[in-house]
Each structure stands twice: as structure tokens, then as C-alpha cells.
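Before I ask anything, let me first share the structure, which is written out below as C-alpha cells.
The values are calculated or read from the model by the stated rules, or taken from the named source; none is laboratory data. Predicted, not measured: the structure shown is a model, and the values here were computed from it. Here the Cβ is made from the backbone with ideal geometry for all residues, glycine too, and neighbour counts use every protein chain on show.
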Amino acid sequence: MVSSGLFESKTLAMCFRKLLSLTLGTSFLFLAAVQSSFAQNNDVDFSDAYEHIFQIRVVSQDAGGKSAIGSGFQVTADGRVVTNYHVVSEFVTSPEHYKIEYVTVNGDTGPLELLDFDIISDLAVLQHPAATNDHFNLAERTLTRGQIAYALGNPGDWGMVMVSGPTNGLVEHSYEDRILFSGSLNSGMSGGPSLNRSGEVIGVNVATAGSQLSFLVPVEKIGKLLSRHRIVPSELFETEIAQQISAWQRPRIQELLDTSWKSEHFLGRELFGEIRTDFQCWGDTNESNKERAIEVVRKWCRAGDDIYISSDLNAGQIRFTFNSLKSVKLNEMQFSRAQSLYMSADNRSNYENSTNYVCETDFIDGQNGEADSYHRVITCIRAYKKMQGLYDSLILSLHHTGKEVFKAHLSLSAVEKDQIQQMNRRFLEQSL
């Protein structure tokens with residue numbers, strides 16, 4: 001006969017062993033799952049891929065040294081090489097002063113010919129003089145959000161590296177499709193490929209100086225550029241740039257003109273802000289400054305796409321600001337003298353690329369017989385010297401009433417004249 005105490009002890013022991021067995025089993029299953037997941041994320045082998053990445057160099061023909069570097073990769077058996085437009089932009093804007101070369105991982109060098117480029121997507125196609133069958137295949141589509149991409153390139157001229165990280169879908173505040181990539185793409189990795197687990201190209205790297213938020217040009221844009229099968233002669237580079245920007249700008253601006261702008265309130269005024277998904281707005285005030293002589297409330301908005309043309313020229317910006325200024329300690333004369341008519345272009349340019357601004361000022365009489373109320377509108381425009389038919393525009397609307405001023409400012413870059421006039425009119429109508 002077994003005593004109840006012994007029975008209870010054996011029962012407890014059995015339960016403990018069973019619980020321990022279950023716990024260990026669960027732990028082993030968990031560890032196995034972790035190991036399986038780890039193996040799954042690390043069983044890709046791209047050791048051979050390093051040998052098929054080129055460093056792309058833009059070399060000064062006068063100085064004999066490289067003035068810009070990036071990365072590139074062969075995508076067809078006939079030797080077509082893909083890189084970023086901005087990597088070879090110095091050659092595009094000054095082909096008489098520069099040449100393009102490749103350098104292999106083994107140190108072999110040779111010349112490259114520029115065939116075509118897409119300045120909006122930041123892509124260029126080059127021709128390798130000695131094509132081989134060792135080329136990268138393009139994926140049918142890019143990765144979905146959360147899948148891992150493997151980016152290769154030559155950062156800082158230190159040698160080929162690989163950076164892995166998840167893709168995060170398309171950038172939200174951008175008119176052009178760009179993939180948001182969580183990986184450190186350092187300078188020099190621009191133009192290199194980002195691969196899926198099968199080693200197929202899903203995008204082209206756009207370096208952001210090591211930031212954990214980088215960008216990839218989607219593979220679909222590579223295929224579109226390659227499908228043109230053309231060679232753009234160097235004497236037509238400037239014309240080609242102007243045509244590409246015009247072809248991109250017209251539908252982009254026209255869409256803004258044809259759609260309603262969502263209303264947003266600004267100090268009791270019914271204005272607008274993020275008028276399309278590619279726009280972002282911010283705002284602030286100096287209310288925390290108890291010593292302020294003028295109370296300032298402002299809001300500024302911008303579209304998310306700037307087109308890089310060269311180191312001293314970019315285009316495509318759309319930006320606008322609203323400012324409310326109210327006198328706190330100044331009399332009317334002091335307040336009036338404190339007002340600035342400052343306007344600024346938001347794109348980088350210089351006299352080599354653009355003419356000086358030509359401006360006009362119009363006055364609108366004060367409303368309701370208010371002697372101290374007036375409305376001033378200043379419009380300015382400048383032309384591009386090398387991109388015929390494109391202009392930069394500034395407009396400043398200033399409504400002054402005694403000790404209060406409301407300013408609205410719009411800056412447009414690389415837009416055709418008729419659309420500038422329409423945008424200015426629309427901006428004034430909805431900001432008065």
C-alpha cells in the first residue's frame with residue numbers, strides 16, 4: 001500500500017519532469033525556429049557578385065584625375081551598364097572636359113560610352129567595350145514592404161561592400177516612385193545594384209551619406225530606359241535635358257491646376273497646405289518669445305521632388321509660404337519700416353545657367369475705403385540659358401492693414417511660361 005504522501009511526491013515529480021520536458025521542448029523548438037530564421041536570412045551567397053560591380057569614374061581630361069566616382073553594373077550580354085545619372089552628370093554637362101571610365105574589383109580599367117540617360121529617374125546607360133555574359137538579371141518586380149534587399153557598391157573609393165536592409169515600399173511624399181530602403185548607402189555606392197535573394201536587380205542605389213534612410217530607383221524604370229535602345233549624341237545633351245524636364249513638368253503642374261486644393265485654416269483665413277500627396281507642410285510661431293516686437297506665425301510647404309542636373313544646378317521645386325505679422329510694440333511707421341520684401345528662389349542656379357530675375361510690382365487699392373490698407377503683388381521671372389522654354393518664377397503677395405501684414409510667397413522652378421501664369425493666378429486667388 002502506497003502512502004498518500006509518497007504518492008503526492010511522485011505525482012509532483014512526474015508533473016515537474018513533464019513540465020520541464022515541455023519547457024525544454026518548447027525552448028528547443030523556439031531555438032530551432034530562430035536558427036532556421038537566421039539561416040534563412042543568411043544563406044544567400046553573393047561572393048561572386050563583387051567581381052561584377054564596377055566603380056564608375058568621371059575623369060578630368062585636363063587634370064587627369066577622377067572628379068566623381070560611383071558604382072555601376074552590367075545588365076545585358078551586349079555590355080550595357082547601368083548607373084545613376086548624377087554619377088556621370090559632370091560628363092553630361094561638360095562632355096568636352098571629362099571622360100567616363102570603369103574600374104573592376106581587380107583594378108582593370110577602360111573607357112565607357114554614355115548611351116542614354118533619364119534625368120528624372122536619376123539613371124544612365126553606358127556601353128562597356130568588352131561585353132561578357134557575366135551580367136545581372138533584372139527582377140520582374142521590386143520587393144514588397146519588409147523584404148530584405150542587398151545593395152552593392154564602392155563607398156568612398158575603399159572597395160566593394162554589401163549592405164543589407166529591408167525595403168519599405170515607395171516614398172510617400174514624392175511625385176516620382178522611389179523605394180525607401182533601410183540601409184546605409186554611403187557616397188560612392190550610388191549607381192550600384194540592390195538585389196533580391198535570387199541575385200536579381202530590384203533597384204539602383206541612391207546614396208544618402210550613410211543615413212539609415214536611403215533610396216532605390218525601382219527596377220521598372222531601368223527596364224523602361226533600356227527599352228529605348230538609343231544613343232544620345234553629346235551635342236544634344238542640353239536639348240535632351242530640357243525636353244525630359246518639360247515632359248515631366250507639364251503633367252505634374254497641370255494636375256495641380258486641374259484639381260481642387262484642400263482647404264486648411266491659417267489664423268482664420270481659409271488657405272491650403274498639402275495640396276497633393278507629394279507635398280509636406282510645417283508651421284511655427286514666435287509666441288514663446290515674450291520680448292518679441294512683432295508676432296510672427298508662419299507656414300511653409302514644398303513638393304518632395306528636386307531634379308539634380310549638375311553640382312551648381314537643380315530644378316523642379318514647388319514651394320510656398322504664408323506669414324502673418326502683427327505689431328506688438330511698434331507703431332505703424334516703425335512696423336511698416338520693419339517689413340521685408342525679400343523673395344528667394346528655392347533651386348540652386350547661377351548666372352551661367354540662368355538670366356537675372358526681371359520683376360514687376362502691382363498695387364491694389366485698400367478695401368472698404370481703409371486708407372491704411374493696401375495690397376502689393378510682386379512677380380519675378382528668369383529664363384534658363386541652356387534649357388530653352390523653361391523659367392523660374394517668384395511671386396509675393398503682401399496685404400498690409402495698419403499694424404498687421406499677411407504675406408504669401410510662391411516659388412516655381414523650371415516651368416513653362418503659360419503654366420507659371422496659371423499657377424500664379426491660382427495661388428493669388430486662393431491666398432487673398
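Under the condition of being of a type in the set (Lys, Arg) and more than 28 Å from ARG276 (Cα to Cα), which residue from the range 290-322 is farthest from the chain's Cα centre (by Cα)?
Selected residue: LYS290.
Something else now. Under the condition of being farther than 13 Å from ASN196 by Cβ and hydrophobic (A, V, I, L, M, F, W, C), which residue from the range 152-167 is surrounded by the fewest Cβ atoms within 10 Å (Cβ to Cβ)?
By that ranking, first place goes to TRP158.
So, in the range 40-74, how many residues would count as being touching a helix residue (DSSP H, G or I) at 6+ places or on another chain (Cβ under 7 Å) and modelled with pLDDT of 90 or more?
Within the range 40-74, residues that are touching a helix residue (DSSP H, G or I) at 6+ places or on another chain (Cβ under 7 Å) and modelled with pLDDT of 90 or more number 5.
Now, a different point. Exactly one condition in (1) modelled with pLDDT under 95; (2) touching a Gly at 6+ places or on another chain (Cβ under 7 Å); (3) buried (at least 18 other Cβ atoms within 10 Å of the Cβ) is not met by HIS135; state its number.
(2)
Now for a separate question. When the range 57-106 is examined, which residues are found to be of a type in the set (A, V, I, L, M, F, W, C), farther than 18 Å from ASN154 by Cβ and assigned to a loop (DSSP other than H, G, I, E, B)?
ALA63, ALA77
Can you tell me how many residues in the range 408-419 are buried (at least 20 other Cβ atoms within 10 Å of the Cβ) and on the phi < 0 side of the Ramachandran plot?
Counting residues in the range 408-419 that are buried (at least 20 other Cβ atoms within 10 Å of the Cβ) and on the phi < 0 side of the Ramachandran plot gives 7.
Taking ASN186 and the conditions (1) touching a residue at least 40 places away in the same chain (Cβ under 8 Å); (2) touching a helix residue (DSSP H, G or I) at 6+ places or on another chain (Cβ under 9 Å), which numbered condition does it fall short on, given that it satisfies the others?
Among (1) touching a residue at least 40 places away in the same chain (Cβ under 8 Å); (2) touching a helix residue (DSSP H, G or I) at 6+ places or on another chain (Cβ under 9 Å), ASN186 violates only (1).
Something else: Looking at (1) more than 30 Å from ILE241 (Cα to Cα); (2) touching a residue at least 60 places away in the same chain (Cβ under 8 Å), which one does TYR384 not meet, given that it meets all the others?
Evaluating TYR384 over (1) more than 30 Å from ILE241 (Cα to Cα); (2) touching a residue at least 60 places away in the same chain (Cβ under 8 Å) leaves (1) as the failure.
Return the residues of the range 189-206 that are within 14 Å of PHE73 (Cβ to Cβ) and in a loop (DSSP other than H, G, I, E, B); say none if nothing qualifies.
First, pick out the residues of the range 189-206 that are within 14 Å of PHE73 (Cβ to Cβ): 189-195, 199-205.
MET189, SER190, GLY191, GLY192, GLY199, GLU200, listed by residue number.
Moving on. Please count how many residues of the range 231-276 are of a type outside the set (A, V, I, L, M, F, W, C) and over 28 Å from VAL297 (Cβ atoms).
Going through the range 231-276 one residue at a time, the tally reaches 16.
Still on this model: For the range 121-168, which residues satisfy the criterion of being in contact with a strand residue (DSSP E or B) (Cβ under 8 Å, 6 or more places away or on another chain), of a type in the set (S, T, N, Q) and assigned to a loop (DSSP other than H, G, I, E, B)?
Correct list: SER121, THR132, ASN137, THR142, THR144, GLN147, ASN154.
Looking only at residues that are buried (at least 19 other Cβ atoms within 10 Å of the Cβ) and aliphatic (A, V, I, L, M) in the range 104-119, which one is nearest to the chain's Cα centre (by Cα)?
Only one residue fits best here, namely ILE119.
Somewhere in the range 280-292, is a residue hydrophobic (A, V, I, L, M, F, W, C), surrounded by fewer than 13 Cβ atoms within 10 Å (Cβ to Cβ) and in contact with a strand residue (DSSP E or B) (Cβ under 7 Å, 6 or more places away or on another chain)? Don't jump to the end; show me each part of the working.
So the first thing to find is which residues in the range 280-292 are hydrophobic (A, V, I, L, M, F, W, C), and the list is 281-282.
Checking the rest, the ones that are also surrounded by fewer than 13 Cβ atoms within 10 Å (Cβ to Cβ) come to 282.
With in contact with a strand residue (DSSP E or B) (Cβ under 7 Å, 6 or more places away or on another chain) added as a condition, the list becomes 282.
Yes: the range 280-292 contains one or more residues that are hydrophobic (A, V, I, L, M, F, W, C), surrounded by fewer than 13 Cβ atoms within 10 Å (Cβ to Cβ) and in contact with a strand residue (DSSP E or B) (Cβ under 7 Å, 6 or more places away or on another chain).
Residue-wise test of (1) modelled with pLDDT under 95; (2) in contact with a Pro (Cβ under 6 Å, 6 or more places away or on another chain); (3) not basic (Lys, Arg).
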residue: ILE222; (1), (2), (3): no, no, yes
residue: LEU226; (1), (2), (3): no, no, yes
residue: ILE231; (1), (2), (3): no, no, yes
residue: SER234; (1), (2), (3): no, yes, yes
residue: GLN244; (1), (2), (3): no, no, yes
residue: GLN249; (1), (2), (3): no, no, yes
residue: LEU256; (1), (2), (3): no, no, yes
residue: LYS262; (1), (2), (3): yes, no, no
residue: GLY268; (1), (2), (3): yes, no, yes
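Identify the residue in the range 209-220 that is within 21 Å of ASN314 (Cα to Cα) and either in contact with a helix residue (DSSP H, G or I) (Cβ under 6 Å, 6 or more places away or on another chain) or buried (at least 18 other Cβ atoms within 10 Å of the Cβ) (or both) and, among all such residues, is modelled with the lowest pLDDT.
Looking at the filtered set, the residue picked out is SER214.
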